[in-house]
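Asker: My questions will all concern the structure given below.
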Amino acid sequence: MMRFMLLFSRQGKLRLQKWYTATAERDKKKMVRELMQIVLARKPKMCSFLEWRDLKIVYKRYASLYFCCAIEEHDNELITLEIIHRFVELLDKYFGSVCELDIIFNFEKAYFILDEFLMGGEIQDTSKKSVLKAIEQSDLLQEEDESPRSVLEEMGLA
Amino acid sequence: MSPSIPLQEMIRAIRSARTQCEERGVIQRECAAIRAQFRQADNGARSHNLAKLLYVHMLGYPAHFGQMECVRMIASPRYSEKRVGYLGAMMLLDEKQDASLLITNSIKNDLSHSNQYVQSLALCTLACMGSAEMCRDLAPEIDRLLRASNSYIKKKAALCAVHIVRKVHELGELFAPAARSLLTEKNHGVLHGAVVLITELCERNPEALERFRKTVPDLVQIMKGLVISGYSPEHDVAGISDPFLQVRILRLLRILGRHSETASDAMNDLLAQVATNTDSTKTVGNAVLYETVLTVLDIKSESGLRVLAVNILGRFLLNNDRNIRYIAMMSLQKIVGTDHNAVQRHRGTIVDCLKDHDASVKRRALELSLALVSASNIRSMMKELLLFLSSCPPELRAQTASGIFNAAERYAPSQRWHIDTILHVLTTAGGDVRDETVPNLIQLITNTSELHCYTVHKLYRALLTDISQQPLVQVACWCIGEYGDLLLKGECQETEPAQVTEDDVLDSLETVLQSHMSAPATRGFALTATMKLSTRITDNVDRIRSIVSIYGSCIDVELQQRAVEYNALFKKYDHMRAAVLERMPVIEKNSLGQTNGESAVEAIKAVQPATVKQGEPPLPLQPANQVCDLLDLLGGSEEPLQPSSVQSGTASGLPINNSSTAGGDLLDLLGGFEPTPAAPAPAVTVYEKDGVNLTLLCEKHSDSGLTVTLTASNSNDSDISSFTLQAAVPKSVQLHMKAPSGDFLPARGAAKVTQMVVLNNPNKVNLKMRVRISYTSQGSACQDTVQIDSFPGL
């Protein structure tokens, strides 16, 4: 199971954090700071895996963003790299050639995509098409919701 | 989807702030505005405000005042508000917050909502931050969704169930039937969720594991379908069909096949197929292969399959991708104990990885290399390890040094090699070695008397080059002190001759004494060494006298004490000086961890006549309560019994232990006593059970002294090991047991074990002895006691 996923920039700014275990706010901050320091200090050609506390950290850099996941002892590191890659592909398809600014200005959408892809630290659906379709439908639902409704509609009579 | 303009403007404003202070100002203003908006009645911009707050929270600023707003928004009928509300709940309300319970009802309602996307929100939130209470409340709902809904919801419900089981283990029972039926679904998402759920259930509950073993054929079938099937565009990743599902199934198969022959057999073919057919050019393929290898190595697979798995790991080791090499070494580490020979074949590659630039790869390579050291490759491996030590990152040095010492200890081909290796380590990484290295090395040196000359020359030379590495300096000082005469003689077979004068030697020792780099302990070594040289050199005794008297007023109390004592040795006790400072006897080497090493150091620190400590081994570390147990058994008529000092089964020829109470008496007994050959009295069988036979033979050798010989033999078909005897006798009787001849009883009486017990009964009480027999047979430990009331021949 994935314990948490972090996205941060080369300057050490956190862009997304998703925690799949209950952790105190103070501890979260400490862990994020520590991990950012460790990962940002690694040189480009180094291994994508490292051991930290009792977890395994899998990280990958895409342009200016670091995608960093913490997995447990029994999890497969190589498939986690694939999970990270799949998430980036989803973001890319959704935003159309995604860059860091997209994730900054539309952070809540990045979260929605992540929540459609992973749940409780595990993959929900292994089909890219299926995940993208679900997000598309949810967005449509949100749009319908936001567009003005007639009085009758609000009362549920039309 | 239309962007939320106010949110983006705020983000822009925050990002354009040039200083931290400016940013704080912007955020404070925004938060105030948001708070005001929250207090207002329902307005159209609620979701935007909450989103703004969440952004602020992500930057690290406090956002707890948004918690109630989240609760309210979740209860709203509008999807856009629910969406942000649930997101806020996942970010701000973890189970430690009280407000989290307030959303339980909303979640419950939303789980039965007509719109599946609303249901999805509720499921996701519950799986992310549901507390144990919430899980208990909502578990029946989740179970219902697992059975009767569309596949979109089913897959989410499965993962939600996983979270529930993690929080409340007992609820696993509830989901087991539904999980089983989900395996028949076609939808990959649902299958994946089902496999994860079953994995979780099996890991938590051994009974569930037993039941789910029956699903192995179904799982094998699904895997086959994935591996053999044609191209499926929806799930294809670089030519592999749904690698995520494949990996999960393999992991479940691992858990199911782990301790079961039948299950392992059922998956053998499949694993072989996956291992050979999976394309390993991309990471995806390697991920599946990796999982396959882990599974093969963990279940009861047949040897051909195991060889295939280890070969895959070998191929990984040669892969260009550093990640794959790292993975390979991690897996090899796990099996180096069981499949040692297979891993040995890849030793060359592993040793090459020691030179990799990545610290994690280096660490893995080091651990694996140390595990692969054996008697046959010790020389070449040690060369590599020493090379590594000189260039390794500082955090790995201590581990490398101790690994090298252990390996040298076990497989040293010659004494000289051993000493050379240790010296090499001390010169390269002296600061990172453990404390007991110094006494261990000293013990090693004293034991190799033929190399004393060589050693002292080498150490002297090392001392001349560098006095910063404390352990090295300490050993060097000690050796120079002990073997200074050999150093001064000049000639040495093993190394080039060098002319060393007495002044040179004293100069070097004085440098150590005066250097600011020397630790107090090191200076102590140097001072004692200087003193010892006073009996080994001829011309410069006065110089030594002056050095010693100078240090009589040293600030360091330890040094001062030594100097004062040595001064006294020069002045008042000059007649004893030669005897006190003579050559140390060879230190008896006991098993590792015994206090022998320390007693040698104590002998160095305290200048005492060497005779008392000579050859006396420390008391063995036997737990006292073991013997007291025996005493308890003998409750009743007799007076309380005297414990016997028990011998451990090491047949290392240790001289007899003195029991604490006996003291001087027993020394006499020891002095005058010699084991006599078998007396005319016949041997009596005192114990016969489970194939173990114990006979007793007595002979009197004095008025109150008696020797009892216990002989044990084993008539079983299986060998007996760790055979030990313990004895207790009445209080006034003195007892001690000599070392047994061994502790191994081969089957069918092929050999016997004898142990002699010497008894002294001065008060002529009624002699009884209770003997406890303990041994290990066929893997299980056995214990029995027998009371001996009559001693024939008495």
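The values are calculated or read from the model by the stated rules, or taken from the named source; none is laboratory data. Here the structure is a predicted model, which means the values were calculated and not measured. Positions of Cβ are backbone-derived with ideal geometry, glycine not excepted, and every protein chain shown enters the neighbour counts. Side chains are part of the model used for accessible areas, which takes the heavy atoms of the whole protein and leaves out ligands, DNA and RNA. Shrake-Rupley method; radii C 1.70, N 1.55, O 1.52, S 1.80 Å.
Asker: Find the Cα radius of gyration of the range B:280-373, compare it with 2.2 N^0.38 Å by division, and give the number to two decimals.
Answerer: 1.00
Asker: Hey, any idea what % of the protein assembly as shown's accessible area is carbon plus sulfur with a 1.4 Å probe?
Answerer: 51 percent
Asker: Which whole-Hz couplings ³J(HN,Hα) result when phi for each residue of the range B:244-257 is put into the Karplus expression 6.51 cos²θ - 1.76 cosθ + 1.60, θ = phi - 60°, listed in order with x for Gly and Pro?
Answerer: 4, 5, 4, 4, 5, 5, 4, 5, 5, 4, 4, 5, 6, x
Asker: Taking the alpha carbon gyration tensor of chain A, what are the square roots of 5 times its eigenvalues, largest first, to the nearest whole Å?
Answerer: 33, 16, 16
Asker: Between B:ARG39 and B:GLU185, what FRET efficiency comes out of the Förster formula 1/(1 + (r/R0)^6) with R0 = 35 Å and r the beta carbon distance, rounded to 0.05?
Answerer: Taking R0 as 35 Å, the efficiency between B:GLU185 and B:ARG39 is 0.10.
Asker: Could you pull out the pairs from B:LYS700/B:LYS768; A:LYS18/A:LYS56; B:LYS108/B:LYS167; A:LYS30/A:LYS56; A:LYS18/B:LYS156; B:LYS52/B:LYS155 whose alpha carbons sit more than 21 Å apart here?
Answerer: B:LYS52/B:LYS155
Asker: Once you list every other residue whose beta carbon is under 13 Å from the beta carbon of B:LYS156, what net charge do they have if Lys and Arg are +1 and Asp and Glu are -1?
Answerer: Local charge sum for B:LYS156: -4.
Asker: Under 1.5 on a/c is rounded, so check that first for the range B:395-476, then, if it is not, pick prolate when a/b is larger than b/c and oblate when it is not; a ≥ b ≥ c are the square roots of the alpha carbon gyration tensor eigenvalues.
Answerer: oblate
Asker: Which shape class, rounded, prolate or oblate, goes with chain B when its Cα gyration tensor gives a ≥ b ≥ c as root eigenvalues, a/c under 1.5 marks rounded, and past that a/b bigger than b/c marks prolate?
Answerer: It is prolate, given that a/c is not under 1.5 and a/b is the larger ratio.
Asker: Taking a ≥ b ≥ c as the square roots of the Cα gyration tensor eigenvalues, with a/c under 1.5 meaning rounded and otherwise prolate when a/b beats b/c, else oblate, which class fits the range B:344-415?
Answerer: In terms of gyration-tensor shape, oblate.
Asker: Return the whole-Å distance between the Cα centroid of the range B:747-794 and the Cα centroid of the range B:279-345.
Answerer: Taking the Cα centre of the range B:279-345 as reference, the centre of the range B:747-794 is 53 Å away.
Asker: Further question: For the protein assembly as shown, just the Cα atoms, rotate onto the principal axes and tell me the three extents in Å, largest first.
Answerer: Taking max minus min along each principal axis of the Cα atoms, the protein assembly as shown gives 119, 71, 55 Å.
Asker: Using helices alone, what [θ] at 222 nm do you get for chain B, with -39,500 (n - 2.57) per DSSP H run of 4 or more residues, divided over all residues and rounded to the nearest 500?
Answerer: Value at 222 nm, helices only: -18000 deg cm²/dmol.
Asker: Next up: Once phi is turned into θ = phi - 60°, what whole-Hz ³J(HN,Hα) does the Karplus curve with 6.51, -1.76 and 1.60 give for every residue of the range A:65-70, x standing for Gly and Pro?
Answerer: 10, 9, 9, 10, 10, 10
Asker: Shielding of B:79-85 by partners, i.e. mean partner chain Cβ atoms within 10 Å per residue?
Answerer: Going residue by residue through B:79-85 and averaging, the value is 5.
Asker: Report, in degrees rounded to the nearest 10, the 0 to 90 angle that the Cα long axis of helix B:359-372 makes with the longest principal axis of chain B.
Answerer: 50 degrees
Asker: While we're on this one: Dipole of chain B, Cα-centred, from +1 at each Lys and Arg C-beta and -1 at each Asp and Glu C-beta, to the nearest 20 debye?
Answerer: Result for chain B is approximately 2860 debye, rounded to the nearest 20.
Asker: If amide H atoms are built 1.01 Å from N in the plane of the peptide, which residues on other chains or at least 5 residues away come under 5 Å of the amide H of B:THR785?
Answerer: For B:THR785, the qualifying residues are B:ILE773.
Asker: Also, I was wondering about something else. Which whole number gives the average count of other chain Cβ atoms within 10 Å of the Cβ atoms across peptide A:107-119?
Answerer: Mean inter-chain Cβ contacts per residue within 10 Å come to 6.
Asker: Sticking with this one: Please give the contour-minus-distance gain from B:SER414 to B:GLN561: 0.36 nm per residue of separation, less the Cα-Cα distance, rounded to one decimal in nm.
Answerer: 48.9 nm
Asker: For the range B:144-194 and the range B:402-459, what is the centre-to-centre distance using only Cα atoms, to the nearest Å?
Answerer: 62 Å
Asker: Arrange the peptides B:296-309, B:186-199, B:553-566, B:9-22 so that the one whose residues have, on average, the most other Cβ atoms within 10 Å appears first.
Answerer: Ranking the peptides B:296-309, B:186-199, B:553-566, B:9-22 by packing returns B:186-199, B:296-309, B:553-566, B:9-22.
Asker: Continuing with the same structure: Could you tell me which residue out of B:ASN105, B:LEU759, A:GLY96 lies farthest along the dipole of the protein assembly as shown toward its positive end? Charges go on the beta carbon: Lys and Arg +1, Asp and Glu -1, centred on the Cα centre.
Answerer: Looking along the dipole axis, the top candidate is A:GLY96.
Asker: Can you give the angle from 0 to 90° between the axis of helix B:322-335 and the longest principal axis of chain B, with both taken from C-alpha atoms, to the nearest 10?
Answerer: Helix B:322-335 and the main axis of chain B meet at about 50 degrees.
Asker: May I pose another question? Of all the Cα-Cα pairs you can form in the range B:1-144, what percent are over 27 Å apart?
Answerer: Pairs farther apart than 27 Å: 25 percent.
Asker: Treating only the Cβ atoms of Lys and Arg (+1) and Asp and Glu (-1) as charged, compute the dipole magnitude of the protein assembly as shown about its Cα centre; round to the nearest 20 debye.
Answerer: 1920 debye
Asker: With every protein chain kept in place and ligands, DNA and RNA left out, what is the accessible area per residue of the protein assembly as shown? Probe 1.4 Å, answer in Å².
Answerer: 44 Å²
Asker: Moving to a separate point now. What does the convex hull of the alpha-carbon atoms of the range B:107-217 project to on average, in nm²?
Answerer: Answer in nm², one decimal: 6.2.
Asker: Rounding to the nearest 20 debye, state how big the charge dipole of the range B:1-147 is about its Cα centre with +1 on each Lys and Arg Cβ and -1 on each Asp and Glu Cβ.
Answerer: 380 debye
Asker: Mind checking the alpha-carbon convex hull of the range B:152-240 and giving the volume per residue in Å³?
Answerer: 97 Å³
Asker: Check A:TRP52: other-chain or 5+ apart residues with amide H under 5 Å from its amide H, H built from backbone geometry?
Answerer: Here A:ILE57 satisfy the definition.
Asker: Could you sort the peptides B:113-123, B:403-413, A:113-123 by per-residue average Cβ neighbour count (10 Å cutoff), highest mean leading?
Answerer: Answer by packing, highest mean first, reads A:113-123, B:113-123, B:403-413.
Asker: Find which of B:THR262, B:GLY552, B:LEU182 sits farthest along the positive direction of the dipole of chain B, computed with +1 on the beta-carbon of Lys and Arg, -1 on that of Asp and Glu, about the Cα centre.
Answerer: B:LEU182
Asker: In the range B:334-455, if the dipole is taken from +1 on Lys/Arg beta carbons and -1 on Asp/Glu beta carbons about the Cα centre, which of B:VAL351, B:HIS424, B:SER414 is farthest to the positive end?
Answerer: Of the options given, the answer is B:VAL351.
Asker: Which whole-Hz ³J(HN,Hα) couplings does the range B:745-751 yield from phi under the Karplus relation 6.51 cos²θ - 1.76 cosθ + 1.60, θ = phi - 60°, glycine and proline marked x?
Answerer: With coefficients 6.51, -1.76 and 1.60, one gets 10, x, 5, 6, x, 5, 8 Hz.
Asker: Provide B:ARG583, B:ARG39, B:ARG322 ordered by accessible surface of protein heavy atoms (probe 1.4 Å), highest first.
Answerer: Sorted by accessible area, descending: B:ARG39, B:ARG583, B:ARG322.
Asker: Expressed as an acute angle from 0 to 90° and rounded to the nearest 10, what is the orientation of the C-alpha long axis of helix B:437-447 relative to the principal long axis of chain B?
Answerer: Result, in degrees: 40.
Asker: Please average, across the residues of B:118-131, the number of beta carbons from any other chain that are within 10 Å of each residue's own beta carbon, and give a whole number.
Answerer: The shielding value for this peptide is 4.
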